[in-house]
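Working notes, beginning with the structure itself.
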Amino acid sequence: MNPENTRVGAALYVPGFYLLLLGTWQLLFSLSLIPDYLFPSPWQVARRLWQLGDDGLLWPSISATLHRMVIGFSVAAAVGLAIGLLMGTSKVINRCLRSLFLGLQTLPTAAWVPISLLIFGLSDRGIYFVIIMSAMPAVAIATSDGILHIPPIFLRAARTLGTPSYAMPWRVILPAALPSIVTGIKLGWTLGWHGAVSAELIKSSVGLGYLLYMGRELNDASQVIGVMVLTILFGFLLDRFLFGVIEKRIRRRWGLQSH
């Protein structure tokens, strides 16, 4: 089989799969097994999203959520990388913090919302707090795991070639752990996104979470499903065009993936 045809066929699998899901959705709606006010059609969802955009509600909400994520996740990633570096290079710190962070990871992201309300009230600082606490443990654990699984020969070779001790973290350790770190950042972004939307359900008057809340209050299933679809779409686009690209380049750089 021609490799070019194989690549073209593989590129059509994903769009074909989603078209199949869309067709199944429309078919289930047409069968009228569930009332349309509980289970709207794809067209009704798309029309409701268009109305939200036309009313000036959709794009400010998307912008607000992304703005909060950029700020909150930047802090979470920086703190998680620093703590993960300490955990990966110190057995004592790793033993003390690893079990704590694993426990925090099992905590649902929405569980941070009540404590953020108590500490910060109804403010954006509370949403940033939820994002940071949701995302930071995943980044820290992935960073420490990446460092702990670096082949010892890398470190010995760096020392033999004269790399000073103070430069080891930046010149050797972090670059060698990058594949694992990127995976942790992807997971951290996902958890932080969950936390942002969960916090906006309660603490905000603008954002995707707020649109979900208003859709529930108005019994508008089209709005709720539409915002859910948008949330999934943003996750797909970020993975495909940002995190996925970075991960592929790093894996190619380290010979873990073919060109």
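Where a number appears in this text, it was derived from the coordinates with a stated rule and is not lab data. Quick caveat, the model's predicted, so the values are computed rather than measured. Glycine also receives a Cβ, built like all others from the backbone with ideal geometry; neighbour counts cover every protein chain displayed.
For region 59-87 and region 137-209, what is the separation of their Cα centres, given in Å? Cα centres, region 59-87 to region 137-209: 12 Å. Sorting the segments 147-158, 83-94 by their mean number of nearby beta carbons within 10 angstrom, highest to lowest, gives 83-94, 147-158. Taking the C-alpha atoms only, the angle from helix 42-54 to the longest principal axis of the chain is near 80 degrees. Cα axis of helix 221-238 to longest principal axis of the chain: angle in degrees, 0 to 90, nearest 10? It is inclined by approximately 30 degrees. Rounded to whole Å, the principal axis extents of the Cα atoms in the chain read 70, 62, 30, largest first.
How big is the dipole moment of region 133-259 about its Cα centre under a simple scheme where the beta carbon of each Lys and Arg is +1, that of each Asp and Glu is -1, and everything else is neutral? Debye, nearest 20, please.
Numbers: 12 positive and 6 negative charges, 162 e Å.
Rounded to the nearest 20 debye, it is 780 debye.
Please give the charge dipole size of the chain, origin at the Cα centre, charges +1 on K and R Cβ atoms and -1 on D and E Cβ atoms. Round to the nearest 20 debye. Computed charge dipole of the chain: roughly 1300 debye.
Starting from the Cα of D36, step 7 Å toward the Cβ, then list every residue of region 188-231 with an amide N under 16 Å from that point. Under cut-off, by backbone N: 220-223.
Run the numbers on the chain and let me know its relative contact order in percent, using alpha-carbon pairs under 8 Å that are six or more apart. Don't jump to the answer; show the numbers that get you there.
Details: 294 pairs, mean separation 59.3, N = 259.
Rounded, it is 23 percent for the chain.
Direction-averaged projected area, Cα convex hull, region 19-58: 3.1 nm², rounded to one decimal. Listed by chain and number, the lysines whose C-alpha is less than 24 Å from the C-alpha of K248, apart from same-chain residues fewer than 8 away, are K186. Axis of helix 244-253 versus longest Cα principal axis of the chain: the two differ by about 20°, to the nearest ten degrees. Footprinting exposure proxy ranking of R47, R68, fewest other C-beta atoms within 10 angstrom first, gives R47, R68.
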